[in-house]
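Only the coordinates and a few stated rules stand behind these numbers; no lab work does. Since this is a predicted model, take the numbers as computed values, not measurements. All Cβ positions, even for glycine, are placed from backbone atoms using ideal geometry, and neighbour counts span all protein chains on display.
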Amino acid sequence: MSDVKPRRKIKSFVKRSGRLSKAQAIGLNELWNDYGINLNGKLLNFEELFLNQNNVTLEVGFGNGDSLLETAIHQPNQNFLGIEVYEAGVGRLINEANKNQLVNLKIIKDDAVEVLNNNIPDDSISHFQLFFPDPWHKKRHHKRRIVQTSFLDLLSKKLKNNGIVHIATDWENYAEHIMETLESHSHFKNCAGDHIYSPRPEQRPLTKFENRGQKLGHGVWDIIFTNLKGG
């Protein structure tokens with residue numbers, strides 16, 4: 001029997017735990033069947049899931065869900081799928097979605113890379129959003145950053161041709177890494193031009209955190225690319 005232990009898979013997130021508020025618990029438990037998706041190892045059928053043929057925006061790591069909620073409210077003809085492992089954020093978003101009677105939002109509580117690999121059909125996503133991902137700012141932790149060439153390979157398969165990738169970060173070093181990684185990938189093209197950051201589109205809400213940062217002079221970098229299957 002070998003003494004060699006299998007290498008632990010590198011995670012791009014830290015699963016936080018804590019006590020849920022009453023509203024978060026209601027969202028996570030009582031309202032889960034209305035908004036949550038139980039994967040069961042199957043490929044998702046978005047037409048059956050949303051009961052329409054509208055395009056699907058996938059957002060990974062939505063945090064407390066404020067931005068995704070506002071976007072879904074203001075774009076009723078677009079379907080939204082959010083993935084997050086933070087239970088308090090999942091519960092809060094579901095509870096708020098129920099208050100607003102949204103029918104174009106579904107939630108998955110799982111590892112985004114696993115979901116993309118096992119449950120998202122190829123050529124099925126029109127927009128991908130990743131707003132303020134963990135920058136893992138220490139150099140020895142950079143391998144944990146979700147935006148890596150291997151992740152873009154996977155993402156390109158799941159996006160439709162000419163699908164949009166929109167990433168925002170308030171860490172300049174991570175912005176440079178994201179820009180370089182996307183520009184070096186043959187399937188992605190910068191919508192703003194070579195090595196140019198995009199202005200924040202109106203459809204990406206300005207968060208409280210971002211507002212506070214701007215007053216302190218902190219920068220935010222929006223990076224928007226399109227997916228070109230033919231390279």
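For the stretch 119-126, putting each phi into the Karplus relation 6.51 cos²θ - 1.76 cosθ + 1.60 with θ = phi - 60° gives couplings of 10, 9, x, 4, 6, 10, 9, 8 Hz, in residue order, rounded to whole numbers and with x for Gly and Pro. The Rg/Rh ratio for the stretch 126-203, using Cα coordinates for both the radius of gyration and the Kirkwood hydrodynamic radius, is 0.93. Net charge in the neighbourhood of T226 (other residues with Cβ under 11 Å of its Cβ; Lys, Arg +1, Asp, Glu -1) is +3. In this structure, the amide hydrogen of F128, modeled 1.01 Å from its nitrogen in the peptide plane, lies closer than 5 angstrom to those of L58, I164, V165, H166, counting only residues at least 5 positions away or on a different chain. Database remark: amide H of F188 closer than 5 angstrom to the amide H of L228 (H placed geometrically; neighbours at sequence offset of 5 or more, or on other chains; Pro and chain starts carry no H). Stokes-Einstein diffusion for the stretch 44-194 at 20 °C, viscosity 1.002 mPa s, with a Kirkwood radius from C-alpha pairs, works out to 133 µm²/s. Other residues with beta-carbon under 12 Å from the beta-carbon of K189 carry, at +1 per Lys or Arg and -1 per Asp or Glu, a net charge of -1. Straight-line cross-link reach from K229 at under 15 Å between alpha-carbon atoms covers these aspartates and glutamates, not counting any fewer than eight positions away in the same chain: D122, D123, D153, E183. Comparing H187, H195, H74 in a Gaussian network model of the chain, where Cα atoms under 10 Å apart are tied by springs, the biggest mean-square fluctuation is seen for H74. Of L43, L159, L58, the residue with the greatest mean-square motion in the GNM of the chain, using alpha carbon springs below 10 Å, is L43.
Taking a ≥ b ≥ c as the square roots of the eigenvalues of the alpha carbon gyration tensor, the stretch 162-231 is prolate, as a/c is not under 1.5 and a/b beats b/c. For the stretch 77-84, backbone phi angles converted through the Karplus equation (6.51, -1.76, 1.60; θ = phi - 60°) give residue-by-residue couplings of 9, 10, 8, 10, 10, x, 10, 7 Hz, Gly and Pro being listed as x. Note on the chain: with charges restricted to the Cβ of Lys and Arg (+1) and Asp and Glu (-1), its dipole about the Cα centre is near 880 debye.
With a cut-off of 13 Å, note down the residues of the stretch 165-201 whose backbone N falls inside the zone around a label point 7 Å from the Cα of Q214 toward its beta carbon. Residues 199-201 fall inside that zone. GNM on the chain, alpha-carbon springs under 10 angstrom: the most fluctuating residue among I167, I146, I73 is I73. Model label sites at E202 and D34, defined 7 Å from Cα along the beta-carbon direction, differ in position by 3.0 nm.
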